[in-house]
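Only one structure is covered here, and it is reproduced in the block below.
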Amino acid sequence: MGLFSRRRATTDAGATIGAFWQWWVAEGADAVAGAIADREPGRIVEALSARVDAVHDGLAWELGPGGQESQHVLVVTAAGDPALRPLARRWRLAAPPADAVWSYADMRQPTADAGAVSLEIEGQHVDLARATAGARVVGAAVDVSVHHPAWADLEPQTRTQTAFLLLDTVLGEAAVETWLGEVSAAELEPLDAVPLTGLRSVVCSLEEQHLDADGEPTWAVLEGTGPTGRPVLAMTQVPLRAATAPHLDTHVAVVVPFTDTTEQGLPGAQSLPRLRSLEDHLTDRVGPSGRLVAHESHDGVRVLHLYVDGTTPAAEQVRAAVSGWDQGRVQVASQLDPAWAAVAHLRA
């Protein structure tokens, strides 16, 4: 079943997430599964839409096959809106455990038989089997140019929106948000075009390079030159994308001065272990409500970049945790940043 999104009044998200799952466990799961079994999914559209809208009117939902895990999957997604991704993830984190009938996701799932998918966009049939793409890997991301013969009859904005829908269908929303860089809709087919489904192997290759055995991001060392002309040394999570932890929507920058510096202004032998100990301490304090995703050192300071769940006291825990630093005054600043824009300059 395709995405459903409505516009209605929004109430407190925390309360309505709880109310959604109470309804789902009490009657919703059985009602929706029954409607699917009877091949009458339309009879539950209003009820399910009303519960999702109550969480937020910008969320969208869809039903699909659950794959090996369950019969069905219920997806509630931000539909590409970075500001709503944290809410969709909190909805999923509050879900009951998956069982033989239902599993849950906060991002659209890839379609196994994507080649058979056909979308109707402004009266045009857009068959995914006719879509091709040019791909160029840039660091830990791939820039994609999508072509389809139907583009000739669609407006530029509609082409781009449809290109993202096709990519979500082939790769799944999580892969699109994590591994794709620039996405464009090309009127002319790229010279090196491949079937759109061929992008799956490109994404698999990036995952093999940049995720560890547990599927967690790896780390990379970056070197550069700062505004003063002196070196900047950074370590960053790869991939450095909000899709890896969408509920961590608040950026916390911790500017830590250190007294033992090299001639280049980087941490010396005495300050380096103290800085590492501070990083471990902050990670322990925020626990599952936050994550250190990068740090950069230059001119006698180290900037720690953490992302925390803004609905928890994690940001204040960070402020309290640095009070004992004895190599200078630590500055802490936090801001809502669901797109992780504050660390965009550190993406490998």
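The values are calculated or read from the model by the stated rules, or taken from the named source; none is laboratory data. What you see is a predicted model; the values in this text were computed from it and never measured. With ideal geometry, Cβ positions are generated from the backbone for all residues, glycine too; neighbour counts draw on all protein chains shown. Remember, those area values only see protein heavy atoms, side chains included, never the ligands or the DNA or RNA. Shrake-Rupley method; radii C 1.70, N 1.55, O 1.52, S 1.80 Å.
Which one of these is among the aliphatic types (A, V, I, L, M) and in a loop (DSSP other than H, G, I, E, B): A344, A348, A320, A333?
Going through A344, A348, A320, A333 in turn, the sole match is A348.
Quick test of your reading of the structure: P195 fulfils all but one of (1) under 26 Å from P86 (Cα atoms); (2) in contact with a strand residue (DSSP E or B) (Cβ under 7 Å, 6 or more places away or on another chain); (3) in contact (Cβ under 8 Å) with a residue 24 or more places away in the chain. Name the failing condition by number.
(1)
For the stretch 168-180, state whether one or more residues are part of a strand (DSSP E or B) and either surrounded by 13 or more Cβ atoms within 10 Å (Cβ to Cβ) or on the phi > 0 side of the Ramachandran plot (or both).
Here is the first cut: in the stretch 168-180, the ones part of a strand (DSSP E or B) are 180.
The next check asks that each one be either surrounded by 13 or more Cβ atoms within 10 Å (Cβ to Cβ) or on the phi > 0 side of the Ramachandran plot (or both); those that pass are 180.
Looking for residues that are part of a strand (DSSP E or B) and either surrounded by 13 or more Cβ atoms within 10 Å (Cβ to Cβ) or on the phi > 0 side of the Ramachandran plot (or both), one finds at least one in the stretch 168-180, hence yes.
Would it be correct to say that A88 is within 28 Å of H247 (Cβ to Cβ), in a loop (DSSP other than H, G, I, E, B), of a type in the set (G, A, S) and touching a Leu at 6+ places or on another chain (Cβ under 7 Å)? Walk me through it before giving the result.
Numbers: within 28 Å of H247 (Cβ to Cβ): yes; in a loop (DSSP other than H, G, I, E, B): no; of a type in the set (G, A, S): yes; touching a Leu at 6+ places or on another chain (Cβ under 7 Å): yes.
Here the answer is no, as A88 does not meet what is asked.
Filter the stretch 322-338 for residues that are within 25 Å of P86 (Cα to Cα) and surrounded by 17 or more Cβ atoms within 10 Å (Cβ to Cβ) and give the result. Give the steps one after another, and end with the answer.
Within the stretch 322-338, the subset within 25 Å of P86 (Cα to Cα) is 332-338.
Matches in the stretch 322-338: V332, S334, D337, P338.
When the stretch 210-248 is examined, which residues are found to be open to solvent by 30 Å² or more (accessible area, probe 1.4 Å) and part of a helix (DSSP H, G or I)?
Result: H210, T244.
Which condition does H298 not pass, out of (1) over 17 Å from G224 (Cβ atoms); (2) within 32 Å of the chain's Cα centre (by Cα), if it passes all the others?
Only one criterion is unmet by H298, namely (1).
When you scan the stretch 263-314, how many residues do you find that are in a loop (DSSP other than H, G, I, E, B), open to solvent by 30 Å² or more (accessible area, probe 1.4 Å), under 19 Å from L233 (Cα atoms) and out of contact with any Pro (no Cβ under 7 Å at 6 or more places or on another chain)?
Going through the stretch 263-314 one residue at a time, the tally reaches 4.
Which one is farthest from the chain's Cα centre (by Cα), of the residues in the stretch 315-348 that are more than 22 Å from L233 (Cα to Cα) and polar (S, T, N, Q)?
Here the answer is S323.
Kindly indicate the residue of the stretch 30-72 that is over 21 Å from A112 (Cβ atoms) and in a loop (DSSP other than H, G, I, E, B) and also modelled with the lowest pLDDT among those meeting that condition.
Here the answer is D57.
Somewhere in the stretch 85-93, is a residue of a type outside the set (S, T, N, Q) and over 23 Å from V308 (Cβ atoms)?
So the first thing to find is which residues in the stretch 85-93 are of a type outside the set (S, T, N, Q), and the list is 85-93.
In the following step, the residues that additionally are over 23 Å from V308 (Cβ atoms) were identified as none.
Looking through the stretch 85-93, none of the residues is of a type outside the set (S, T, N, Q) and over 23 Å from V308 (Cβ atoms).
Of everything in the stretch 181-206, what is under 16 Å from the mean Cα position of the chain (by Cα) and open to solvent by 80 Å² or more (accessible area, probe 1.4 Å)? Give them in sequence order.
Listed by number, the list holds a single entry, E182.
Can you confirm whether the stretch 249-258 contains a residue that is under 20 Å from R85 (Cβ atoms), in contact with a Pro (Cβ under 8 Å, 6 or more places away or on another chain) and assigned to a loop (DSSP other than H, G, I, E, B)? Break it down into steps so the answer makes sense when it comes.
Initial filter on the stretch 249-258 (under 20 Å from R85 (Cβ atoms)): 249-252.
Still in the running and in contact with a Pro (Cβ under 8 Å, 6 or more places away or on another chain): 249.
Those left that are additionally assigned to a loop (DSSP other than H, G, I, E, B): 249.
Among the residues of the stretch 249-258, at least one is under 20 Å from R85 (Cβ atoms), in contact with a Pro (Cβ under 8 Å, 6 or more places away or on another chain) and assigned to a loop (DSSP other than H, G, I, E, B), which makes the answer yes.
So which pairs qualify, if the first residue must be in the stretch 296-310 and in contact (Cβ under 8 Å) with a residue 40 or more places away in the chain, the second must be of a type in the set (D, E) and surrounded by fewer than 22 Cβ atoms within 10 Å (Cβ to Cβ), the Cβ gap must be under 8 Å, and the two must be at least 6 apart or on different chains?
R302/E296; V303/E296; L304/E279; H305/E296; Y307/D337
Does the stretch 117-137 contain any residue that is open to solvent by 30 Å² or more (accessible area, probe 1.4 Å), closer than 30 Å to W21 by Cα and in contact with a helix residue (DSSP H, G or I) (Cβ under 9 Å, 6 or more places away or on another chain)?
There is no residue in the stretch 117-137 that is open to solvent by 30 Å² or more (accessible area, probe 1.4 Å), closer than 30 Å to W21 by Cα and in contact with a helix residue (DSSP H, G or I) (Cβ under 9 Å, 6 or more places away or on another chain).
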